[in-house]
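In what follows, a single structure is set out as structure tokens and then discussed.
The values are calculated or read from the model by the stated rules, or taken from the named source; none is laboratory data. On a predicted model such as this, the values are computed, not experimentally measured, just so you know. All Cβ positions, even for glycine, are placed from backbone atoms using ideal geometry, and neighbour counts span all protein chains on display. The protein model used for the area step is the full one, side chains on, heavy atoms only, and it has no ligands, DNA or RNA in it. Shrake-Rupley method; radii C 1.70, N 1.55, O 1.52, S 1.80 Å.
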Amino acid sequence: MEEQYRQWRRNAIEERASAYTGGGSGDRISTQGLAAFESRLTYDDFKASVMQGNDGGRLLNYVNANVIFQAGVDFESKPIVVFCACSLPSPREVDYDRLLNLIIFRLDEFVESDYTVVMFTSGAQHNPGWNWMTKAYRRLDRKYRKNVKNVYVVHPSMWSKLVFQIFGKIVRYVFRLSL
């Protein structure tokens, strides 16, 4: 996520610099104005930009309503986070990198304390590719994995069984025990 934030920040600064120079290379850039703009670019600005996207926030609303949401608490009062892989949109229609960012932003609400994940995978029309799955796993650093106490997969599809079997060889033994 940090690399994407840095890239977004670089692009915003370059756009602003281009606006200061009028797009030409011969004009002088106001370094004070550019420095002031750069100092105001925060992670929250990046997050807001990703959430809004170029679709007016429709993907954000879809993700929060259909892909990942809280469905109450378990018997130990830990939040239950439902992840519906069967509701993932088509990769032809949606940028899966942005989708991953939205999922991570949603998970940020739960990762500070213990939580349980329930996954629904059966009947998925659109399965993400292996490259995206690997990228998603790498992006979920320790803070996301540390407090997951249980993972339940409801009606696992052949695809999800294969993913869990392959990633089960990679993930830590302690995390595998929660599956």
Tally time: how many residues in region 69-118 are touching a His at 6+ places or on another chain (Cβ under 8 Å) and open to solvent by 20 Å² or more (accessible area, probe 1.4 Å)? 1
Output the qualifying pairs, or none if there are none: Cβ atoms under 6 angstrom, residues six or more apart or on different chains, first residue in region 130-156 and touching a residue at least 60 places away in the same chain (Cβ under 8 Å), second residue surrounded by 14 or more Cβ atoms within 10 Å (Cβ to Cβ) and of a type in the set (Lys, Arg). none
